[in-house]
Amino acid sequence: MPSGLVALALGGFGIGLTEFLIAGLLPQVASGFAVSEAAAGWLISGYALSVAVGAIALTAATARLPRKQVLLGLVALFVVGNLLSAIAPNYPVMLLGRIVAALCHGSFFGIGSLVARSLVAPEKKSQAVAIMFAGLTVANVLGVPFGALVGERWGWRAAFWAVTAIGVLALAGIAALVPAWAGRVRPATGTDPVPGRPATGPGESDPAPPSGLRAQLRAFRSWQVWLTLTATALSYGGMFGAFSYIAYTFTEVSGFAPADVAWLLMVYGVGLVVGNLVGGRAADRDRDRALVLALSGLTLTLALFGLLAGSATASVVLVFVMGVTGFASVPGMITRVTDYAHGAALAASANVSASNVGNALGAWLGGLAITAGLGYTSPLYVGAGIALLSTAVMVIAVRRAGTPRVADRAPTS
């Protein structure tokens, strides 16, 4: 495994911690700044909004720059944002720190996925993306308990100092271990790839990524790019439509005590880690088939969870499987959209933005179902419905693409 992937995974781990740890620190932060719980909640929602905006804006602004330099700049921005949070004298500065740190999130994972895939042979590109995203999935497991533990022992500022230190380590790692040529932007040569066709496959080198904003925008002429972005948004919507209210399902339906929710969420997080790694390997063998199976599996899992949520044992098993199937599609979705976009970083970052749009959509629809009096299993059924739509969109995308190219299959030996 190239050492540069470890550095990228460390960066993903730090960014993931920043996103998730705040949930375990909100009461302390609210008390420390004498603000309401609702105001403190903007440290989460403001972060999410900044991710969606920053993913597109920063990627577009840095379209012509070498990707290693862009990654270093993004991680430096991450360090500055968390440092602001750690030393914030008041709530507005704290919120500013969260916004600054969030701006790098989407672009880091979008551009980082292109750099990661350039470090390995084309037939292992989804596994490379999965390794980078392993940092994010591990952070999902550890983020909330890490924040709560450090906050209780040393105060909430210590948690942000720790994340700042992780950011500095990631910055040094990327500078030292990621080669300068990785994902380099250079002018394309020869004829442009055929619109609607993936650009590369095993045994072929990645194409020269488009270097200007106008060239990157041309990637969005492909129906396959739009279908993949739609499937991404809906798959995240399905998973987070259920996950956003899973604590209520556990305590009000499955019969768990509130104290049990923390370890149940860790079970879910372990499922994310497994799904990410398994999904990356499966996508390198037959990407479109792996994506359809993952999305179908998520749909079935959420529907079964709704039916069996009254059983504590079934709930533990199904929340793990929900994590596996929910994240198994992520590496393949990223490599699919970037293949059809011919390496455009803007499309990779748009995929991250699409996932955040899906998160918000799923949480909103799940909340509507509860408000309508449909009970605490209703978000699971809402999630299953959204995941079913995602599966349908992916099936349409596969059929429009025609017979899968060798590019989407691992070479036989």
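The values are calculated or read from the model by the stated rules, or taken from the named source; none is laboratory data. As the structure is a prediction and not an experimental result, all values here were calculated from the model. In this analysis, Cβ positions are derived from the backbone assuming ideal geometry, glycine residues included, and neighbour counts consider all displayed protein chains.
Residues of segment 230-256 being in contact with a Phe, Trp or Tyr (Cβ under 9 Å, 6 or more places away or on another chain), of a type outside the set (Val, Ile, Thr) and over 19 Å from Asn140 (Cβ atoms), which ones?
Tyr248, Glu252, Phe256
Just one of the numbered conditions (1) over 16 Å from the mean Cα position of the chain (by Cα); (2) in a helix (DSSP H, G or I) is not true of Pro89; which one?
(2)
Restricting to segment 114-164, name every residue that is modelled with pLDDT under 80 and either hydrophobic (A, V, I, L, M, F, W, C) or under 16 Å from the mean Cα position of the chain (by Cα) (or both).
The answer is Asn140, Val141, Leu142, Gly143, Val144, Phe146, Ala148, Leu149, Val150.
Exactly one condition in (1) farther than 30 Å from Ala34 by Cβ; (2) of a type in the set (Ser, Thr, Tyr); (3) surrounded by fewer than 24 Cβ atoms within 10 Å (Cβ to Cβ) is not met by Tyr91; state its number.
The failed condition is (1).
Identify the residue in segment 294-316 that is in contact (Cβ under 8 Å) with a residue 12 or more places away in the chain and farther than 12 Å from Ala384 by Cα and, among all such residues, is surrounded by the fewest Cβ atoms within 10 Å (Cβ to Cβ).
Gly310
Looking at Gly173, is it in a helix (DSSP H, G or I), in contact with a Leu (Cβ under 8 Å, 6 or more places away or on another chain), modelled with pLDDT under 85 and not charged (D, E, K, R)?
no
Of all the residues that make up segment 146-158, how many are of a type in the set (Gly, Ala, Ser) and over 13 Å from Pro27 (Cβ atoms)?
1
For every residue, the table says whether it meets (1) buried (at least 16 other Cβ atoms within 10 Å of the Cβ); (2) in contact (Cβ under 8 Å) with a residue 60 or more places away in the chain; (3) not assigned by TED's automatic domain parsing to the domain that holds Val168.
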site: Val51; (1), (2), (3): yes, yes, no
site: Gly54; (1), (2), (3): yes, no, no
site: Ala61; (1), (2), (3): no, no, no
site: Leu95; (1), (2), (3): yes, no, no
site: Cys104; (1), (2), (3): yes, yes, no
site: Leu114; (1), (2), (3): yes, yes, no
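Can you pull out the residues in segment 47-72 that are in contact with a helix residue (DSSP H, G or I) (Cβ under 6 Å, 6 or more places away or on another chain), more than 11 Å from Val352 (Cβ to Cβ) and not aliphatic (A, V, I, L, M)?
Tyr47, Ser50, Thr62, Arg67
Go through (1) of a type in the set (A, V, I, L, M, F, W, C); (2) within 30 Å of Asp286 (Cβ to Cβ); (3) outside any helix (DSSP H, G or I) for Leu65 and report which single condition fails.
(2)
Would you confirm, using the coordinates I've provided, whether Gly190 is surrounded by fewer than 19 Cβ atoms within 10 Å (Cβ to Cβ) and either modelled with pLDDT of 75 or more or aromatic (Phe, Trp, Tyr) (or both)?
no
Here's a check for you: in segment 251-265, which residue that is surrounded by 15 or more Cβ atoms within 10 Å (Cβ to Cβ), closer than 23 Å to Phe327 by Cβ and in contact (Cβ under 8 Å) with a residue 60 or more places away in the chain is farthest from the chain's Cα centre (by Cα)?
The extreme case among them is Ser254.
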